[in-house]
Amino acid sequence: MQNKNPCSIQIFKALKLGIVLFLGLAPLAISSESTPMKVLLIGWDGVRADALQQAYTPHFDSLIRNGSYSDSCWSVLPSRSGPGWTSILTGVSPAKHGVTDNKLSTWKVKEHPGLTRRLREAGYLGRIASVTHWAPLAQLNWEADYVIDFPSDSSVEVQARQLLSQTENSPDFLFLHFDDADHAGHTFGFHPYMPPYRLALEHLDQRLGRILATLKSRQNYDSEHWLICITSDHGGHYRHHGDDVPEDRRTFLLVQGPGIELGSRLGLAHSEDVLPTIMAFLGIRENALVYFDGIPRGISLERRFANFPVLENSVYKPSVYSESPIFQQAR
Ligand SMILES: [Zn+2]
Ligand SMILES: [Zn+2]
């Protein structure tokens with residue numbers, strides 16, 4: 001989805017009180033117990049799986065070899081950014097979460113909350129950060145400890161590397177979203193043999209390489225357990241997307257990390273699988289996964305029975321619902 005809001009928005013939890021709204025980069029400063037179970041969830045907006053196969057993406061390919069991969073991850077309908085990211089971040093289909101366009105105003109957030117609420121209800125104590133290049137994603141992740149939206153992929157990369165290299169108060173769960181490939185598709189055409197589109201995918205891979213290098217240079221990297229998960233919300237054909245055709249719907253899902261099957265081909269997957277996969281990695285028991293339309297993908301049997309840390313609560317607790325301050329402001 002093209003970015004309609006050129007403003008960078010930074011929102012701390014203080015925004016709940018209507019206090020903070022300003023521009024620019026800043027360190028993440030949230031106090032919370034640290035956890036060794038960490039997640040780097042990367043969203044590449046508008047990336048077709050078949051185009052990714054044609055592009056030169058050595059960093060991504062290395063993760064495929066060392067993780068589990070589906071080149072047939074089906075996005076939801078309509079194959080647009082709003083319903084797509086909402087399904088990825090809630091684990092349910094548009095029929096349940098209610099988002100069918102890019103405004104998110106129909107999101108049934110109380111019945112189908114986003115990943116931060118799901119993780120908190122399951123007992124995850126880590127710091128959660130969202131750094132994106134499409135402002136509505138800040139609404140989807142409004143409950144995270146740190147939320148910021150930028151007008152460019154390069155700013156997302158810079159902020160991501162800054163957060164990951166912080167020695168204190170670094171996020172335990174980092175969601176990154178990059179939008180340049182979708183922009184290239186809308187401008188030049190979504191196609192594996194369209195040079196500007198393929199080049200945009202190669203730039204995504206170069207950013208991935210630099211981010212992974214920063215991750216691996218962390219002081220305590222050897223004692224941390226990082227899940228890396230990369231996916232997309234839809235593909236495209238000609239210069240648009242939104243239809244029920246393979247070009248628009250066939251994206252990919254990559255998971256790599258401790259306890260993830262090595263070199264596994266996942267076959268058919270769905271956008272709704274992303275959140276249950278992450279929660280299974282973090283140790284939630286399987287009986288809590290009935291809330292999702294998707295299923296965990298790539299989690300090894302060894303991981304399921306291993307002595308990894310397990311989330312405190314095996315089932316979700318009812319929680320007090322509070323409305324997004326962004327929605328309140330919009331009215
Ligand atoms: Zn788009
Ligand atoms: Zn999109």
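Each value in this text was obtained by applying a stated rule to the coordinates, not by laboratory testing. Since the structure is predicted, the reported quantities are computational estimates derived from the model, not experimental observations. Positions of Cβ are backbone-derived with ideal geometry, glycine not excepted, and every protein chain shown enters the neighbour counts.
What do you get when you divide the Cα radius of gyration of the stretch 112-181 by 2.2 N^0.38 Å, with N the number of residues? Don't jump to the answer; show the numbers that get you there.
Working: Rg = 12.1 Å, N = 70, 2.2 N^0.38 = 11.1 Å.
Ratio of Rg to 2.2 N^0.38 Å for the stretch 112-181: 1.09.
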Q. Using alpha carbon centroids, what distance separates the stretch 118-151 and the stretch 252-291, in Å?
A. 19
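Across all directions of projection, what mean area in square nanometres is found for the Cα convex hull of the stretch 234-288?
Numbers: hull surface 20.6 nm².
Hull-based average projected area comes out at 5.2 nm².
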**Q.** Kirkwood Rh in Å, taken over the stretch 36-301 so that all alpha-carbon pairs contribute
**A.** 18.0
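For a footprinting-style exposure proxy, rank MET279, MET194, MET37 by other Cβ within 10 Å, fewest first. Working shown, then result.
Numbers: MET279 26, MET194 17, MET37 23.
So the ranking, lowest neighbour count to highest, is MET194, MET37, MET279.
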(Q) Are there any chymotrypsin sites (Phe, Trp or Tyr not before Pro) in the stretch 168-199 that are in a DSSP loop and have at most 16 other Cβ atoms within 10 Å? List them by number. (A) TYR193
Q. Which Rg and Dmax, in Å, describe the Cα atoms of the stretch 186-247?
A. 16.2, 46
**Q.** Sorted by Cβ neighbour density within 10 Å, fewest at the top, the residues THR187, THR277, THR132
**A.** THR187, THR132, THR277
